[in-house]
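See structure below.
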Amino acid sequence: MSDRYRDRSFWHDTCPGSLEPRPALDGDTDVDVAIVGGGYTGLWTAYYLLSIDPSIRVVVIERDIVGFGASGRNGGWCVGELAAGPWRHEAAAGNDAARRFLHELHDAVDEVGRVAEHEGIDCHYAKGGAVRLARNRAHLARQREQVEVFHSAYGLTEEDMRMLGADEARSHLAATGVVGGMFFAHTAALHPARLVRGLGDAVERLGGKIVEGTAATAIEPGRVATDRGVVKAEIVVRALEGYTGTLEGNRRSLAPLYSLMVATEPIDDALWDDIGLSRRQTFTDDRFMVIYGQRTADGRIAFGGRGAPYNYGSRIISSVEQRSRTHEKIIKTMVELLPMLSDVVITHRWGGVLGVPRDWFPSVGFDRDSGMAWGGGYVGEGVAAANLAGRTLAELVTETDSPRIDLPWVGHRSRQWEPEPLRWLGINGALGIMGIADRSEAITGRKSRVARLMQRVLS
């Protein structure tokens with residue numbers, strides 16, 4: 001049975017140990033905390049709950065296996081920022097709150113490494129930072145503006161984030177068309193499936209229970225309905241990220257957008273000398289249609305990008321994840337960026353869905369009166385953010401005082417996505433606008449006016 005999970009991603013294929021599912025829920029049960037979703041958010045919440053109070057009865061309910069979704073298929077970027085970024089909410093949250101939020105995200109990158117070491121999770125953690133290439137003048141102008149804002153408003157220094165000249169940027173990654181770049185120190189590369197699988201084992205060692213092959217169909221105060229029985233719980237945590245819409249009444253909460261990836265065969269040392277990434281820096285550039293990559297611990301490039309169309313009705317179609325025209329575009333983009341990879345064999349293609357809120361801003365929260373808690377909406381940058389979310393949720397539930405429990409995302413509620421067909425038209429229209437903006441900037445070198453329209457559509 002476990003073989004059917006091996007083709008879900010390169011990460012699953014190279015994850016040690018069995019992927020055989022744990023036993024399913026065996027009828028009705030009562031616990032203190034029921035967590036729906038066996039990915040990063042759910043498992044970090046369980047881990048910190050049990051670390052704070054080992055007597056809490058915690059069950060994690062997973063439809064497939066731990067790490068089946070985005071937690072086992074992402075790009076392996078543990079990055080201390082968000083796609084929307086706290087700076088977008090500076091006016092609402094206050095500059096000090098936004099600054100604290102950003103620094104807590106930075107600490108979350110280190111916290112993942114600390115826990116992995118403490119729990120003996122060999123997730124290939126390497127904090128080499130991230131290099132964001134500028135490949136035209138518009139990219140460079142946007143990066144300079146961002147660095148200035150982060151330095152002046154958020155207290156970052158050159159050690160945290162700095163601009164790179166063209167030669168220095170190419171010394172990190174010998175890509176084509178580089179005119180400069182930006183280096184961000186608070187980023188680690190890791191093997192995401194090793195992390196999430198190891199985290200599941202750690203939760204069990206602390207006394208938590210994980211049931212797999214158990215589909216939650218509805219959640220409400222005090223109970224989770226599943227296809228294997230009803231779980232009664234004082235507190236119910238929704239931690240489904242891109243799969244939130246599979247729950248009754250949540251179709252418009254988070255839109256599931258695809259991000260697709262490929263992995264190369266292992267690359268020999270001589271070619272790596274030409275490519276760079278000697279410290280396993282993660283890499284991207286400043287286009288709107290996001291791309292991302294890393295050098296894996298076994299010497300491959302794992303490379304991905306957005307752009308696959310949104311499916312009408314928020315449907316999740318597994319065939320898109322394995323082989324699609326978008327995969328071919330991703331391979332083409334990778335070779336355009338790094339022509340020395342033109343003859344390197346692609347060994348794996350995969351993908352998955354990430355959860356996108358209507359305002360692109362993630363949230364965590366706990367309503368003590370109803371006992372309902374939630375976390376998610378990371379827009380593809382959830383490896384570190386989910387750690388911070390889980391830690392925060394555990395502190396909220398246990399009433400543990402910390403600097404995290406009043407951050408700007410705590411209690412934030414995004415408005416619902418529009419009903420269909422407006423949702424389909426709006427999201428796919430925005431994806432088209434991003435592509436137009438990228439082409440315009442590549443040709444003219446000027447920041448695209450179309451991009452401002454895109455931002456209005458997405459906000």
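The values are calculated or read from the model by the stated rules, or taken from the named source; none is laboratory data. These numbers come from a predicted model, not from an experiment. Cβ sites come from the backbone with ideal geometry, for glycine too, and all protein chains shown count toward neighbours.
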Test: Gly242 is outside any strand (DSSP E or B), surrounded by 23 or more Cβ atoms within 10 Å (Cβ to Cβ) and within 18 Å of the chain's Cα centre (by Cα): yes
Segment 90-111 residues that are closer than 13 Å to Phe361 by Cβ and at pLDDT below 90, paired with ones that are part of a helix (DSSP H, G or I) and not hydrophobic (A, V, I, L, M, F, W, C) (beta carbon under 8 Å, 6 or more apart): Ala93/Pro86; Ala98/Pro86; Ala98/His89; Ala98/Glu90; Ala98/Tyr154
Long-range neighbours under 7 Å by Cβ, at least six apart or interchain, first residue closer than 17 Å to Ala239 by Cα within segment 46-58, second crowded, with 24+ Cβ neighbours inside 10 Å and basic (Lys, Arg): Tyr48/Arg391
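Would you point out which residue out of Leu277, Leu257, Leu240 is on the phi > 0 side of the Ramachandran plot and among the aliphatic types (A, V, I, L, M)?
On the way: Leu257 fails: on the phi > 0 side of the Ramachandran plot; Leu240 fails: on the phi > 0 side of the Ramachandran plot.
Being on the phi > 0 side of the Ramachandran plot and among the aliphatic types (A, V, I, L, M) holds for just one of Leu277, Leu257, Leu240, which is Leu277.
Specify which of the listed residues (Arg280, Arg287) is among the charged types (D, E, K, R), outside any helix (DSSP H, G or I), buried (at least 19 other Cβ atoms within 10 Å of the Cβ) and touching an Asp or Glu at 6+ places or on another chain (Cβ under 6 Å). Spell out the reasoning first.
Working: Arg280 fails: touching an Asp or Glu at 6+ places or on another chain (Cβ under 6 Å).
The unique qualifying residue is Arg287.
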Segment 22-56, residues that are over 21 Å from Leu354 (Cα atoms), in a strand (DSSP E or B) and of a type outside the set (D, E, K, R): Thr29, Val31, Val33, Ala34
Test: residue in segment 226-233 that is touching a Leu at 6+ places or on another chain (Cβ under 6 Å) and among the charged types (D, E, K, R): yes
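So that you can scan it fast, the table gives a plain yes or no per residue for (1) of a type in the set (S, T, N, Q); (2) outside any helix (DSSP H, G or I); (3) within 26 Å of Ser9 (Cβ to Cβ); (4) free of Cβ contacts under 8 Å to residues at least 24 places away in the same chain:
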| position | (1), (2), (3), (4) |
| --- | --- |
| Lys332 | no, no, yes, yes |
| Gly355 | no, yes, yes, no |
| Ser402 | yes, yes, no, yes |
| His412 | no, yes, no, no |
| Trp417 | no, yes, no, no |
Candidate set from segment 133-179 (those that are in contact with an Asp or Glu (Cβ under 7 Å, 6 or more places away or on another chain) and assigned to a strand (DSSP E or B)); member that is surrounded by the most Cβ atoms within 10 Å (Cβ to Cβ): Leu133
Filter pass, Arg404 being modelled with pLDDT of 95 or more and either more than 18 Å from the chain's Cα centre (by Cα) or surrounded by fewer than 18 Cβ atoms within 10 Å (Cβ to Cβ) (or both): yes
